[in-house]
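Undergrad: Structure in structure tokens, see below.
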Amino acid sequence: MPLVSMNYFLPQAKKEGFAVGQFNMNNLEYVQAITEAGKEERSPLIFGASEGAIRYMGLNNVVALARVAAEESGLPIALHLDHGSSFEIVMKCIRAGFSSVMFDGSHYPLEENIRLTKKVVEAAHAVGVSVEGELGTIGGVEDDLDVSEEDATLANPEEAIRFWEETQVDALAIAVGTAHGMYKGEPKIRYDIIEKVSQNIGVPIVLHGGSGVPDESIKKSISLGVGKINVNTENQVASTRVVRELLENNPDMIDPRKYLGPAREAIKETVKAKMRLFGSSGKA
């Protein structure tokens with residue numbers, strides 16, 4: 001199956017009340033683990049590729065890995081640019097073969113965010129690529145993003161509704177109290193913002209910073225209109241823990257397959273658990 005846009009499954013997610021996970025690609029083992037999890041759970045999935053991951057892996061390698069995964073698994077898989085910082089990088093990814101892109105204009109004033117996002121939507125929709133936009137500033141640290149708690153700002157519901165009406169993005173990320181990375185305490189999610197925005201837009205809401213959010217908070221967010229949830233840090237923690245333990249207990253181990261293989265298995269189990277929690281299992 002070729003790579004698909006998020007519109008292949010997000011309308012169904014919004015209608016039926018489940019969410020599709022975005023799991024970030026960091027290397028080959030991540031791609032293999034996420035794909036195997038999807039196959040075992042029969043779940044659609046989204047490969048997230050940040051600008052940092054693209055620099056690390058190479059743009060063409062990212063696209064090639066995702067294409068092979070989609071073709072060999074038979075799953076509906078979207079390859080999605082995570083937090084695209086400019087129109088130029090968005091277009092570069094579309095030309096390379098991405099089936100979905102996020103333009104993150106949340107650091108701009110509302111009017112400029114709308115103007116730039118509309119420009120991205122017009123170009124992407126012309127070639128069948130889905131677009132995610134963002135409103136409000138999500139805190140935390142991930143790749144090129146580093147937003148302090150003081151600088152994080154919640155999305156204004158009225159502005160979020162207007163943003164969607166004017167841009168017609170296919171998914172809308174709004175800042176509701178979650179953060180990139182792992183939490184030191186329990187996040188204070190503004191469910192009222194999720195509910196109000198979801199009831200007044202025609203696409204799912206995206207929850208960034210899905211790692212470490214309690215299961216009940218995830219379930220409630222999905223019930224109120226969240227249809228896409230981003231997970232990366234939990235996979236990194238699970239895989240790194242395995243690698244550390246193996247190398248500490250086997251100081252002579254030098255074959256990367258002997259520690260990256262078990263790390264891959266840890267990622268797969270983490271992703272499978274998320275797919276079940278999100279309700280996407282069996283939806284492929």
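The values are calculated or read from the model by the stated rules, or taken from the named source; none is laboratory data. Model, not experiment: these values are computed from the prediction. So basically every Cβ, Gly included, is an ideal-geometry build from the backbone, and we count neighbours across all protein chains shown.
Undergrad: State whether one or more residues within region 183-204 are touching a Leu at 6+ places or on another chain (Cβ under 9 Å) and over 26 Å from residue 10 (Cβ atoms).
TA: No: zero hits.
Undergrad: Say whether the condition of being at pLDDT 95 or above, crowded, with 18+ Cβ neighbours inside 10 Å and in contact with a helix residue (DSSP H, G or I) (Cβ under 7 Å, 6 or more places away or on another chain) is met by at least one residue in region 131-141.
TA: There is at least one residue in region 131-141 that is at pLDDT 95 or above, crowded, with 18+ Cβ neighbours inside 10 Å and in contact with a helix residue (DSSP H, G or I) (Cβ under 7 Å, 6 or more places away or on another chain).
Undergrad: Identify, from the list 50, 86, 43, 73, the residue that is of a type in the set (Gly, Ala, Ser) and closer than 20 Å to residue 125 by Cα. Give the steps one after another, and end with the answer.
TA: Working: 50 fails: closer than 20 Å to residue 125 by Cα; 43 fails: closer than 20 Å to residue 125 by Cα; 73 fails: closer than 20 Å to residue 125 by Cα.
Selected residue: 86, the only one of 50, 86, 43, 73 that is of a type in the set (Gly, Ala, Ser) and closer than 20 Å to residue 125 by Cα.
Undergrad: A further question on this structure: Given the conditions (1) modelled with pLDDT of 95 or more; (2) farther than 28 Å from residue 224 by Cβ, report the number of the one that residue 12 does not fulfil.
TA: Unmet condition: (2).
Undergrad: Could I ask something else about it? Which fully enclosed helices (runs of 4 or more DSSP H) of region 161-277 have 3 or more residues being exposed (fewer than 15 other Cβ atoms within 10 Å of the Cβ) and without any contact (Cβ under 8 Å) to a residue 60 or more places away in the chain?
TA: Working: elements: 191-198, 215-223, 233-249.
Correct list: 233-249.
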